[in-house]
Amino acid sequence: MQLVLERCTIRPWRLNDAESIAKHANNRKVWLAVRDLFPHPYTIDNAHEFLQRAIGEQPTTKFCIEVDSVAAGGIGIRLGHDVHRHTAELGYWLGENFWRRGIMTEAVTAFTDFWFDNVPLRRISAQVFATNPASARVLEKAGFVFEGLLKNNVIKDGEVLDSLLYARTK
Ligand SMILES: CC(C)(COP(=O)(O)OP(=O)(O)OC[C@H]1O[C@@H](n2cnc3c(N)ncnc32)[C@H](O)[C@@H]1OP(=O)(O)O)[C@@H](O)C(=O)NCCC(=O)NCCS
């Protein structure tokens, strides 16, 4: 997959993206919005490990968001199994230097369109911590519909938080 968009390009990860990932992912503000699987601090070794996994995986589900020739963030889906095999869950992050330029709205819209157009998926969902209005807004602008508030659904940084469930269906 290579999606060349107006503000960014979504492309496969490359081994030489490690330095850029370690730079932009090593940010507590990013970490606070994502799952604990995402390391903090985010070291170059973490980046190498992530890239080995992402590049080796079949089918490829994790991609780089490149902005101005910089690996600025990531976007990926987790495909469902069994009775959920027509569904997927979306995740994404962007380095703070690139926020508020409409990049993730563009990326999420095009990425979701791509999967619906190329794979027989009927549902792509995303969960946002209730403390993250920017991400909820990205999803709304990308055509996702708010399905509900999941009370006390996550524990992040020692705090129990609600999360917001969004989905786009086909
Ligand atoms: C959340 C995130 C993805 C937003 O990406 P972005 O490229 O800055 O978003 P956009 O520029 O496309 O903005 C989308 C909308 O969110 C709004 N927005 C951006 N930052 C905001 C903030 N801090 N508070 C409220 N709204 C905000 C924008 O104004 C825009 O809405 P508008 O067009 O109605 O004004 C990015 O900040 C990020 O990666 N954060 C850390 C990781 C994360 O949250 N991942 C998602 C986990 S579910």
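Nothing in this text is a laboratory measurement; each read-out follows from the coordinates by a stated rule. Keep in mind that this is a model prediction, so the values were computed, not measured. Please note: Cβ atoms are built from the backbone with ideal geometry, for glycine as well, and neighbour counts cover all protein chains shown.
Phi angles across the stretch 114-126 convert, under the Karplus curve 6.51 cos²θ - 1.76 cosθ + 1.60 with θ = phi - 60°, into 3J(HN,Hα) values of 4, 5, 5, 6, 10, 9, x, 8, 10, 8, 10, 10, 8 Hz, Gly and Pro given as x. In the elastic network of the chain, a GNM with C-alpha springs shorter than 10 Å, the most mobile of Lys23, Lys151, Lys62 is Lys151.
The C-alpha radius of gyration of the chain, expressed as a fraction of 2.2 N^0.38 Å, stands at 0.99. Neighbours of Lys170, meaning other residues whose beta-carbon lies under 13 angstrom from its beta-carbon, give a summed charge of +1 when Lys and Arg score +1 and Asp and Glu score -1. The local environment of Thr109, defined by Cβ-Cβ distances under 12 Å, has a net charge of -1 under the rule Lys, Arg +1 and Asp, Glu -1. Taken one residue at a time, the phi angles of the stretch 44-53 give Karplus couplings (6.51, -1.76, 1.60, θ = phi - 60°) of 5, 5, 4, 5, 4, 4, 4, 5, 4, 5 Hz. Gly and Pro are set to x. Remark: the stretch 62-78, residue by residue, has Karplus-estimated 3J(HN,Hα) of 10, 9, 8, 9, 9, 10, 6, 6, 10, 6, 9, x, x, 8, x, 10, 10 Hz, where x stands for each Gly or Pro and the curve is 6.51 cos²θ - 1.76 cosθ + 1.60 at θ = phi - 60°. Other residues with beta-carbon under 12 Å from the beta-carbon of Gly91 carry, at +1 per Lys or Arg and -1 per Asp or Glu, a net charge of +2. Pairwise inverse Cα distances across the stretch 44-138, averaged and inverted, put the Kirkwood hydrodynamic radius at 14.5 Å.
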